[in-house]
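The values are calculated or read from the model by the stated rules, or taken from the named source; none is laboratory data. Given the structure is predicted, the values throughout are model-derived calculations rather than measurements. Using ideal geometry, Cβ is built from the backbone for each residue, glycine included, and neighbour counts are taken over all protein chains shown. These accessible areas exclude ligands, DNA and RNA; they are computed on the full protein's heavy atoms, side chains included. Shrake-Rupley method; radii C 1.70, N 1.55, O 1.52, S 1.80 Å.
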Amino acid sequence: MKDIVILGIESSCDDTSAAVIRNGLLLSNVIASQSVHEEFGGVVPELASRAHQQNIVPVVDSALKRAGITKGDLSAIAFTRGPGLLGSLLVGTSFAKGMSLGLGIPLVDVNHLHGHVLSHFIREQEGDEVPEFPYLTLLISGGNSQLILVKSSDDMEILGRTIDDAAGEAFDKCAKVMGLPYPGGPHIDRLAAEGNPKAFKFSKPHIAGLDYSFSGLKTSFLYTVRDGLKQSESFIDDNRADLAASVQRAIIETLMHKLEAAVKQTGVKAVAIGGGVSANSGVRAAVEEFCASRGLRAWIPPRKFTTDNAAMVAIAGYFKFLRGVYCPLDAAPFARLEI
C-alpha cells in the first residue's frame, strides 16, 4: 500500500508553519514566529499577512527537507481555512491551492479548531498512544474557550463556549493592566509560581449551563488594580506576583467548574486540553489532578503542539484524506468558523 504523505500549512494568525505527516507519523514541523507585533501589544493583521508572504516558501521548503521527502512524494496538501485573520489565511490558502494545482494532488481544508482538538493524535514515533473516542476536550486559547465532546475525528459537539471574552484574552488583558509584555499569558504563568494565589479575590461569573464568561472577572481585576493604585503608586510593582497568581487561580477555577459539570453530564472516561492556554502550568496541573482524583485519563499535549502549528493541521487533514473529503479550488477562507 502506498504511503499517505500529507503536507500541512498553518497561517491563521502570526505563525507561519508547515509540517509533513506520513501514515499519521510526524516527520517535520517547522514554525516561523513573528516578533514584530510585540511593540504594538497585539497582532497587527496587515503586518502578519506580509510576514506570511515572506515566510511561507522557506518554511514549506524546510519542512519538506527535514522530512526527507520531495514534492512528488506528497499525497495531498492540507491547509487552515479558518477561523483566523483573513489576510493571513489568504496567504496560506493561496499557496496551498497553487501547490495542489501544480502537483495535481488533492486539497484538504482544515478547521483550525479541529486541529487543536485532534493534536493528541500527532504521533512522533511508532507506539505513541492516542485517545479513544469519545472524550471531552477543553479548548482554551486567546479567541476560544469551549467544551467539546469529541465523538470521532469528524463528529464534534460543542457543549459550552464563552459568551464574551476567552480565557486567553483574559490572561492577556490582565497582563497588559500590569504592564507585562504581549503575549501576557506566559508572563502571568511565570509570575504566578512566585506569588500567593489567595492574596486577592476576584468575582467569578455565574452562567447557566456549560457556557463560560470572563468579562466580569477581567473587570474585577481592573477595579482591584485601580483601587490599589489609589492607595499606592507602587501597588502593581509591590504585588505583581500575587496579582498574577490570584487571577490565574480565578481563571482556572472558572474553567474547572464547568469542566467538572461537563464530565458528569457526558460520563466520559477521558479529558483532553488544547489551544494556547493549555500550555499554562496551572491549567495543566489542575486538569491532571482533576482526572487523577476521578479515575479519568488526562490527555495533556506537549507544549510545542499547544500553540498554532502545522502538525495539527496535517493530522486533521490526514483524517479527512482517509475519508476522501477534499476541498474545491474555489473555496474561500473564513475569518469565523465553528467546530
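Scanning segment 291-334 for residues that are in contact with a Pro (Cβ under 6 Å, 6 or more places away or on another chain) and open to solvent by less than 60 Å² (accessible area, probe 1.4 Å) gives a single hit, W299. Considering segment 12-28, and only residues there that are in contact with a Ser or Thr (Cβ under 7 Å, 6 or more places away or on another chain) and modelled with pLDDT of 95 or more, the residue that is surrounded by the most Cβ atoms within 10 Å (Cβ to Cβ) turns out to be A19. Per the conditions (1) buried (at least 16 other Cβ atoms within 10 Å of the Cβ); (2) free of Cβ contacts under 8 Å to residues at least 12 places away in the same chain, the sole criterion not satisfied by L255 is (2).
Collect the residues in segment 130-163 that are open to solvent by 50 Å² or more (accessible area, probe 1.4 Å) and within 14 Å of G275 (Cβ to Cβ), keeping them in residue-number order. Steps first, answer last, please.
Going through segment 130-163, the residues open to solvent by 50 Å² or more (accessible area, probe 1.4 Å) turn out to be 130, 132-134, 143, 151, 154-155, 157, 161, 163.
Result: G143, R161.
Residues to consider are A175, A166, A78; find the one that is open to solvent by less than 20 Å² (accessible area, probe 1.4 Å), at pLDDT below 95, hydrophobic (A, V, I, L, M, F, W, C) and at negative phi.
Criteria check complete, one pass: A166.
Test L118 against the stated conditions and say whether it is modelled with pLDDT of 95 or more and either open to solvent by 10 Å² or more (accessible area, probe 1.4 Å) or in contact with a Phe, Trp or Tyr (Cβ under 6 Å, 6 or more places away or on another chain) (or both).
Values: modelled with pLDDT of 95 or more: yes; either open to solvent by 10 Å² or more (accessible area, probe 1.4 Å) or in contact with a Phe, Trp or Tyr (Cβ under 6 Å, 6 or more places away or on another chain) (or both): no.
For L118, the condition - modelled with pLDDT of 95 or more and either open to solvent by 10 Å² or more (accessible area, probe 1.4 Å) or in contact with a Phe, Trp or Tyr (Cβ under 6 Å, 6 or more places away or on another chain) (or both) - is not met.
As a summary of the residue check, E233 satisfies the conditions (1) free of Cβ contacts under 8 Å to residues at least 12 places away in the same chain; (2) part of a helix (DSSP H, G or I) except for the one numbered (2). Of all residues in segment 67-87, exactly one satisfies the criterion of being among the charged types (D, E, K, R) and within 24 Å of the chain's Cα centre (by Cα), namely R81.
I'd like the residue in segment 146-180 that is assigned to a strand (DSSP E or B) and of a type in the set (D, E) and, out of all such residues, is nearest to V268 (Cα to Cα). Looking at residues that are assigned to a strand (DSSP E or B) and of a type in the set (D, E), I get E157. Among residues of segment 261-272 that are at positive phi and of a type outside the set (D, E, K, R), none has a Cβ under 6 angstrom from a residue that is at pLDDT 95 or above and crowded, with 19+ Cβ neighbours inside 10 Å at a sequence gap of 6+ or on a separate chain.
P205 passes every criterion in (1) in contact with a Pro (Cβ under 7 Å, 6 or more places away or on another chain); (2) within 17 Å of L255 (Cα to Cα); (3) of a type outside the set (G, A, S) apart from (1).
For segment 206-226, the set of residues classified as of a type in the set (S, T, Y), assigned to a loop (DSSP other than H, G, I, E, B) and out of contact with any Asp or Glu (no Cβ under 8 Å at 6 or more places or on another chain) is empty.
A48: modelled with pLDDT of 95 or more, in contact with a Leu (Cβ under 7 Å, 6 or more places away or on another chain) and surrounded by 14 or more Cβ atoms within 10 Å (Cβ to Cβ), yes or no? Walk me through how you get there before you give the answer.
Values: modelled with pLDDT of 95 or more: no; in contact with a Leu (Cβ under 7 Å, 6 or more places away or on another chain): yes; surrounded by 14 or more Cβ atoms within 10 Å (Cβ to Cβ): yes.
So A48 does not fit the description; no.
Of K198, K204, K230, all but one fail to be farther than 17 Å from A245 by Cα, charged (D, E, K, R) and open to solvent by 30 Å² or more (accessible area, probe 1.4 Å); the exception is K230.
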